[in-house]
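Structure first, then comments.
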Amino acid sequence: MSGDNEFVVVANRLPVDAIVDEHGGTTWTESPGGLVAALSPVLSARRGCWVGWPGLIDAAPAPFHTDSGILVHPVPLTADDHERFYEGFSNATLWPLYHDLIVTPTYHRDWWQSYRDVNYRFATEVDRVAAPGATVWVQDYQLQLVPGILRQLRPDLTIGFFLHIPFPGPDLFRQLPWREEVVRGLLGADLIGFHLVSNAENFLSLVQQVSGPKGSHTGQPDSLKVTGSASVRTTTASITASDGREVAVAAYPISIDPTSLGEADDKEVARRRAELGNPECILLGVDRLDYTKGILQRLEAFEELLEAGALDPNEVVFVQVATPSRERIEHYRTARRQVEEAVGRINGRFAKIGRPVVHYLHRSLPKRLLRHYYQAADVMVVTPFKDGMNLVAKEYVACHPDGSGALVLSEFAGAADELLQANLCNPFDIESLKRALLQAVRGLEHDPETMRSRMRAMHEQVLTFDVDAWANASLRDLDEARR
Ligand code: GDG
């Protein structure tokens, strides 16, 4: 069975959100992230489609075209799939395991069974829509078995896989009771992409240690080699799978579409600053409310600086945008409660009537408003304990072409490999967080020229290695893998 799409992207979510009106009718709006922006032209040029879950339980409309012309093929998920495959195995097993056990992963045989079933369903849908010899690009940790299943169903396909989150060290990964199956699933691809060279190295060392009952690979993988030009660096190695195929393993740091952030708007920036009481310094955090992002710890560092008098509550404000995320999972509910307690406590201690020192928004903001906050912020605070890349850091830098502002960035965000001129910190160490915050605030006050040149260097990096460079390098290597 095959369809007529020459290029298929498969991701857990489709790039659309359902809007249900008061009569129960559903319309779809595109949720354009960087990935959609980068892939839209490729999807149209290659007569492609996108396979994924539409975000509604027990409902999947017939295939349709989004406003920008992307053909989407919805895969339905039941309430049970959502609980066991998505909230369970994907987000309470793999997510914490791949983020270095910031919370303890739960290993549940029922969840694993559901993960296998749902991966099989996604692969079957791809089988139905992909033309003979098509290229299929599988996205992220929810679908790691899809390459292996597809390889069995459709040996004619060229299959790529990209992991958007970190890949852990082999000693952590080996905890996973189903480790061989996951490695075999990934090795069904022709090309496995990670953000960082260190992620790819972790995978290569793992492959040396883990071999399934039927054997997932033969021999030793070769080591990573850097190839390509300055604007499309790639670091590749290859592994021989048990069926004799060569599987390429490579690093492609993802980035953003700087043009989607639009031009600076001074009036809006002035309005945002005025709303906040025209403070001397605005610190900003923008994250999904996820325990990996270190929101609580950055607020605690801010609180200690206020307490010590190093920052003056009459001069600074902290704006924290925390987008609701995975709210039915216990660790996420705990993270939210702790953040909200900290916001209440800090305002209770340091705010004045009508002038909070922490502004906390627990909702998703329109992209346009987010951009105005990025432009208005003097210091962007990005302090995850572990993050595959972190696009927020790059978006902030892209919004400051004049070199204004400062970035406090965790060493454990993938973005720290590229944004070397940030005020780097170790988020596990509250003194390191405090130091980086103070260096950024004081640097802007006392050494604005140095701060400006650092921001400009980072701006150059983000504009050169944008999401198009990422997609082009990945797809170029996938085409190469086909040949
Ligand atoms: C995963 C990996 C990797 C946030 N709040 C609002 C909003 N956002 C947008 C940001 C940014 C995106 O969400 C978040 O991307 P991140 O990269 O920071 O983090 P994750 O969601 O954890 O993403 C990560 C990424 O995949 C890509 O590979 O970098 O490491 O964990 O674009 O702008 N957007 C709007 N309103 C909000 O309130 N409109």
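The values are calculated or read from the model by the stated rules, or taken from the named source; none is laboratory data. None of the values given here were measured: they were computed from a predicted structure. Please note: Cβ atoms are built from the backbone with ideal geometry, for glycine as well, and neighbour counts cover all protein chains shown. Keep in mind that these areas ignore ligands, DNA and RNA; they rest on the heavy atoms of the full protein, side chains included. Shrake-Rupley method; radii C 1.70, N 1.55, O 1.52, S 1.80 Å.
Here is how the numbers come out for the structure above:
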| item | result |
| --- | --- |
| Protection proxy ranking of 427-439, 443-455 - average other beta-carbon atoms within 10 Å, highest first | 427-439, 443-455 |
| Percent carbon-and-sulfur accessible area, region 262-464, ignoring ligands, DNA and RNA, probe 1.4 Å | 48 percent |
| Separation of the residue 44 and residue 260 label points, Cα + 7 Å toward Cβ, nm | 1.6 nm |
| Local electrostatic count at residue 381 - Lys and Arg +1, Asp and Glu -1, tallied over other residues with Cβ under 10 Å | 0 |
| Rough spin-label spacing in nm, given labels placed 7 Å along Cα→Cβ, for residue 29 and residue 364 | 0.9 nm |
| Spatially proximal aspartates and glutamates relative to residue 367 (Cα-Cα < 17 Å; intrachain offsets below 8 disregarded) | 17, 30, 257, 263, 265, 266, 268, 287, 395 |
| Cut-off under 5 Å, modelled amide H: who pairs with residue 359 long-range | 318, 319, 320 |
| Long-range tail of P(r) for region 262-464 (Cα pairs > 20 Å, %) | 53 percent |
| Efficiency of FRET from Cβ geometry, residue 198 and residue 17, R₀ 22 Å, rounded to 0.05 | 0.05 |
| Inter-probe distance in nm under a simple model that places probes 7 Å from Cα toward Cβ, at residue 243 and residue 480 | 2.3 nm |
| Estimated FRET transfer efficiency (residue 171, residue 274; beta-carbon r; R0 41 Å; 0.05) | 0.20 |
| Accessible area in square angstrom per residue, region 255-327, 1.4 angstrom probe | 39 Å² |
| For region 14-135: relative contact order, % (alpha-carbon pairs under 8 angstrom, 6 or more apart) | 19 percent |
| Long pairs among 352/394; 293/434; 267/386, criterion Cα-Cα beyond 28 Å | 352/394; 267/386 |
